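Heads up: the structure comes next, in structure tokens.
The values are calculated or read from the model by the stated rules, or taken from the named source; none is laboratory data. These figures come from a predicted structure and were not determined experimentally. Counting neighbours? That spans all protein chains shown, and the Cβs are built from the backbone with ideal geometry, glycine included. In case anyone asks, the SASA skips ligands and DNA or RNA and just uses the protein heavy atoms, side chains included. Shrake-Rupley method; radii C 1.70, N 1.55, O 1.52, S 1.80 Å.
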Amino acid sequence: MPQRIVIVGAGFAGLYSALSARRLISQNGKDAEIEVVVIAPNQSLTIRPRLYEASPATLAAPLGDLFMATGVKFVTGTVRNIRTSTRKVNFTDAAGEESDMAYDRLILAAGSHLKMPDVPGLKEHAFNVDQLQAATELDQHLHDLVSLPRNTARNTVVVCGGGFTGIEVAAELPARLRSILGEKEEIRVVVVERNLDIGPALGPGPRPIIKQAFEDYGIETKLGVEVSQVDAKGATTSTGERIEASTVIWTVGMVATELTTQIHGDKDQLGRLIVDANLQVPHTPSVFATGDAARAVADDDGHAAMMSCQHALVLGRSSGHNAAADLLQLPKRPYAQPYYGTCLDLGPAAAVLTEGWDRKVLQIGGQAKAVKKFINTMLIYPPPANAVEAYKAADPDYKMPDLDPSLFQYDVQA
């Protein structure tokens, strides 16, 4: 009976875990001896970094052909329980039936989700762009606004949170709403951020560019306050201010999958399992954690990988390789990701590209937008359904292909 690597989750980290594990197994001629199984609700990759955009229902890439080409087995199901003492996972399939599956190595790649705080009315009345279904519901709601009486509330959106996601959502909304309601409509977008600065975690570097974009789009900010109540007609802030709005969008409060609580090991404040350099859980060595489920040190300066697609891709390549190497009794490859860059979308024609953990601004405007478009439409999509190309993309030593230098030319005047 073959040994088995079970991967929980088919997001970016789960996908690349599966491909990287299969790559090493195939290279060593052990295809018949070790199988790789992915368990997830859907056999598709949600392009989650793009869910702030219009038409989110289109942002899922099918994985069936890719898994077939690379020998990855897929099981449709939602994992409910992980029993590390017996090395089994319990899952519910699409028909609601429960099953168990044994594993020799487990890779937890079940990601993260938005945790909604106990703000009165928030869960009942606010939208979000955390998952495909939620983003699709928001998109449908925005299109339904055209059937409502024309008034200020109909044309107003409150965005709760001025972090990375909140900024991208807000910057997209004026043009998105005018495309639905009419180009001449007066649109009001209000970003409420409890910190005194917009983009508090982004630092001072890109902040002037963000502020300028908001000013150009007419986006308002209310800083140093919080949303204290939400209802069907708008939101109330902690200062008592009332904002009449037909749409309230919540964008803050990411936490790791609750499945991390079922695995013995230390966690960080986001619920992520603290892993070693090989992405193995020290107290439970048969388990590897990756992507948003892992708190992994990315460089020699002690920076931890972020809950981001950028880190998930590399984490997945490492976790899959190392889980397979563990079974094959081959040397593991420590995870490292010293380069860190961010590209923040700022609406239809702008973005800001930064480099390093201090977020030094490299590009703004049209050139940065070209980089964002490349990332969003090419870089983060799955490789072709071809084993050679897929294994190349899943190599832990994978290097991004050479790109048009004009996209990355240093220019802060664009």
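Worth a mention:
- Cα Rg over Rh - the chain, Kirkwood: 0.98
- The distance from the alpha carbon centre of segment 138-211 to that of segment 277-343 is 35 Å, rounded to a whole number.
- Beta bridge orientation in the chain: antiparallel %, DSSP, nearest 5: 50
- Evaluated at q = 0.13, 0.15, 0.19 Å⁻¹: base-10 log I(q)/I(0), Debye formula over Cα of segment 1-126: -0.61, -0.78, -1.10
- Percentage relative contact order, segment 82-148, counting C-alpha pairs under 8 Å, at least six apart: 15
- Stretched out straight at 0.36 nm per residue, the stretch from residue 358 to residue 377 would grow longer than its current Cα-Cα span by 4.2 nm.
- Helix-only mean residue ellipticity at 222 nm for the chain, each DSSP H run of n ≥ 4 adding -39500 (n - 2.57), per residue, nearest 500: -8000 deg cm²/dmol
- Two-site FRET efficiency, residue 215 against residue 86, from Cβ-Cβ distance with R₀ of 60 Å, rounded to 0.05: 0.55
- Loop-resident GluC sites (Glu not before Pro) (DSSP state other than H, G, I, E or B) in segment 22-115 with no more than 14 further Cβ atoms inside 10 Å of their Cβ: 33, 97.
- Within a Gaussian network of the chain (alpha carbon springs, distance under 10 Å), most fluctuating of 27, 131, 212: 27
- Spin-label proximity, residue 262 to segment 89-122 - amide N less than 16 Å from point 7 Å beyond Cα toward beta carbon: 89-94, 96-112
- Less than 5 angstrom separates the built amide H of residue 74 from those of 38, all sequence-distant by 5 or more or on a different chain.
- Sparse-neighbour loop sites [trypsin sites (Lys or Arg not before Pro); segment 12-57; at most 16 other C-beta within 10 Å; DSSP]: 30
- Model label points for residue 97 and residue 68, set 7 angstrom from Cα along the Cα-to-Cβ axis, are 2.3 nm apart.
- Within the accessible area of segment 58-99, the carbon and sulfur atoms contribute 46%, probe 1.4 Å, all protein chains present.
- Segment 1-116 - percent relative contact order, Cα under 8 Å, separation 6 or more: 33
- Sequence-distant aspartates and glutamates (8 or more away, or on other chains) whose Cα lies within less than 20 Å of residue 360: 168, 197, 299, 300, 301, 345, 411
- Of 369/399; 332/373; 115/222; 267/373; 115/369, those spanning more than 27 Å from alpha-carbon to alpha-carbon: 332/373; 267/373; 115/369
- Kirkwood Rh (inverse of mean 1/r, distinct Cα pairs), segment 187-309, angstrom: 17.4
- Among 171, 324, 94, the largest mean-square fluctuation in a Gaussian network model of the chain, built with springs joining Cα atoms closer than 10 Å, belongs to 94.
- Seen against the Cα atoms of the chain and their longest principal axis, helix 132-144 is set at about 20 degrees.
- Helix 309-328 axis versus longest C-alpha principal axis of the chain: approximately 10°, rounded to the nearest ten.
- At a probe radius of 1.4 angstrom, the accessible area of segment 43-132 per residue rounds to 47 square angstrom.
- GNM remark for the chain: springs join alpha carbons under 10 Å apart, and the peak mean-square fluctuation among 295, 242, 188 falls on 242.
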